[in-house]
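Shown next, in structure tokens, is the structure this report addresses.
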Amino acid sequence: LPICVRDLVQDAPAIGQSIKINGWVKSSRVSKNVAFVDLVDGTTDQDVKCVIRPPSLLPKDVSTGAGVQIAGVWSQGKGKQSHEIQVTSDPGSAVKVLGSVEELYPLQKRNHTSQFLRTIPEYRWRVPEAGATLRLGSRLESALTSFFDTNSFYKTHPPMVTSSDCEGAGELFRVESASKLSSKEQFFGKEAYLTVSTQLHLEVLSAALGRVWTLSPCFRAEESDTNRHLSEFWMLEAEISFVETVDQLTRFSEAMLRHVGQRLLQHGESGLPEIAKARWEMLAHGKYTQITYTEAIDLVQRNSELFTTVPQWGSGLGSEHEKWLAGEHFKGPVFVVDYPVEEKPFYMKKNTDGKTVACYDLLIPDIGELIGGSVREHDLQKLELEMAARKMDAGPLTWYLNLRKNGSVPHGGFGLGFERLLQYLSGADNIRDTIPFPRAANQCTC
Ligand code: 4AD
Ligand code: MG
């Protein structure tokens, strides 16, 4: 492959070497004796400065956004940058236009708002600050992969199309055939949905491979038009055999996030807002708190003047309560454990009080809920009783119930919203700026 800007920045060639580099013009200036081009190629937020003498070597149609190939000599930098490429009239030096820019190119100017950038999905990621978030997302996925690899997990690919509603919240998108070749609508005549969570399938796989994880798209037909909800998001889910307590899961989740923070402090991305690094530091070395749901409700009620609504024991925490607990109050990640049975899905194991389940949510500052997880009910009879009490149709879940008939062992797991974590780690205000093509209420334009 041709050399990229990241190669040049990380491992600078020897001074005096001939260099041919491809990229897009971030900015250009022409004066009487010299022209300057700052070149980016997306492999890093940093740019390479090209000094062109005489300026007539710069083709007329080179403006911001143009694709170019620049050949010159790698030299000691004279300005802020340590190095620059000098382009002269010597043979081997040249500026070649690969793709010019129309007058209406929307990124001619700097400092576009993220609202505006969302209206041009085909160009928005070229803006260095926007691109930095996607680059960080790629680092984040590597950090998570290395954590699971070193903890004896296997990554697996559960299906996106499913016949069951894992969370039982009725937030499913139905799958239908649009093919003229198929006389049957639906999924070959069967009722099928896009998955809201791959947990139930992961439970099958953890009963075979011991420890499994996945990072896969999940879909939710909720019309929450907020800065932390997407209709299509990626969920990291882990399912672990022989886990018996919530504490095992919260300690494991904490270790995972500390590992992520440490990895980013070592190999994170540049070009992000100041707050990003402080948050990596918080995940790596900050304090994590654990409280029960009952204690959380008590805290919220004792500070009722801060909220627009105040929940009673038995109802869920709202986003304002979650953000306050992790933000102003504990100033760091908070595990809230043992929620009321009615607040959570059918598959969670009941605690001995009969009123709460062995589960947890992890709340983080500014975002609120990042992780939801639990110990699963592995006893067939208890699970069937719970499903009956909830008036659930057991038919579509026969396979899941069968799992409890043979070699059913204690196990548990969790799901983490990948974009919510990236939102926190990148400092983005809106989750729609953390996924390349956001699908959310009223947003699916390309
Ligand atoms: O808490 P949730 O609904 O948990 C589950 O689905 C479990 N079955 C997971 C498991 O135990 N394997 O979702 C898990 C996480 C949430 O904490 C949140 O971070 C994220 O998924 N999430 C969303 N992220 C973006 N947009 C949405 N609409 C989301 N809904 C959930
Ligand atoms: Mg949840």
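Observations, loosely collected:
- Convex hull projection area averaged over all views, the stretch 5-99, Cα basis, nm²: 5.5
- Scattering curve values for the stretch 247-298, log₁₀ I(q)/I(0), Debye with Cα scatterers, q = 0.23, 0.24, 0.29 Å⁻¹: -0.85, -0.88, -1.06
- Extending 7 Å from Cα along the Cβ direction at residue 90 and again at residue 265 yields two label points whose distance is 4.5 nm.
- Extending 7 Å from Cα along the Cβ direction at residue 254 and again at residue 141 yields two label points whose distance is 3.0 nm.
- Relative to the Cα centre, the charge distribution of the chain, modelled as +1 at Lys and Arg Cβ and -1 at Asp and Glu Cβ, gives a dipole magnitude of about 1500 debye.
- DSSP beta bridges fully contained in the chain are about 90 percent antiparallel.
- Approximate spin-label separation residue 343-residue 446, in nm, with each point projected 7 Å along Cα-to-Cβ: 4.1
- Debye log10 I(q)/I(0) at q = 0.08, 0.11 Å⁻¹ for the chain, Cα point scatterers: -0.58, -0.94
- The chain: DSSP helices with Cα axial extent of at least 30 Å and average Kyte-Doolittle hydropathy no lower than -1.0: 128-150, 246-267
- Sorting 313, 324 by solvent-accessible area of protein heavy atoms yields 313, 324, largest first, with a 1.4 Å probe.
- Sorted peptide list for 425-431, 291-297, criterion being average Cβ within 10 angstrom, highest first: 425-431, 291-297
- Within the listed set 206, 182, 89, the Gaussian network model of the chain (springs between alpha-carbon atoms below 10 Å) gives the highest mean-square fluctuation for 182.
- Only Cα pairs under 8 Å and 6+ residues apart enter the sum, and on that basis the relative contact order of the chain stands at 13 percent.
- Expected 222 nm ellipticity per residue - DSSP helices of 4 or more, -39500 (n - 2.57), all of the chain, to 500: -8000 deg cm²/dmol
- When you filter the trypsin sites (Lys or Arg not before Pro) in the stretch 366-446 for DSSP loop state and at most 10 other Cβ atoms inside 10 Å of their Cβ, you are left with 391, 405.
- Largest GNM mean-square fluctuation among 45, 298, 366, using the chain with Cα springs under 10 Å: 298.
- Charge dipole (Cα centre; +1 on Lys/Arg Cβ, -1 on Asp/Glu Cβ; no other charges) of the stretch 5-99 amounts to roughly 360 debye.
- Report note on the peptides 248-261, 217-230: ranked by the mean count of other C-beta atoms within 10 Å, highest first, their order is 248-261, 217-230.
- Furthest towards positive pole of dipole, 268, 435, 375, structure part the chain, Cβ charges: 268
- Taking the DSSP bridge list for the stretch 1-94 and keeping only pairs wholly inside it, about 90 percent are antiparallel.
- Candidates 315, 217, 252 compared by Cα position along the dipole of the stretch 211-335: farthest toward the positive end lies 252, with charges placed on Cβ.
- Per-residue extension of 0.36 nm, minus the Cα-Cα distance of residue 185 and residue 295, leaves a gain of 34.6 nm for this segment.
The values are calculated or read from the model by the stated rules, or taken from the named source; none is laboratory data. Being a predicted model, the structure only gives us computed values, none of them experimental. So basically every Cβ, Gly included, is an ideal-geometry build from the backbone, and we count neighbours across all protein chains shown. Ligands, DNA and RNA are excluded from the accessible area calculation, which covers all protein heavy atoms including side chains. Shrake-Rupley method; radii C 1.70, N 1.55, O 1.52, S 1.80 Å.
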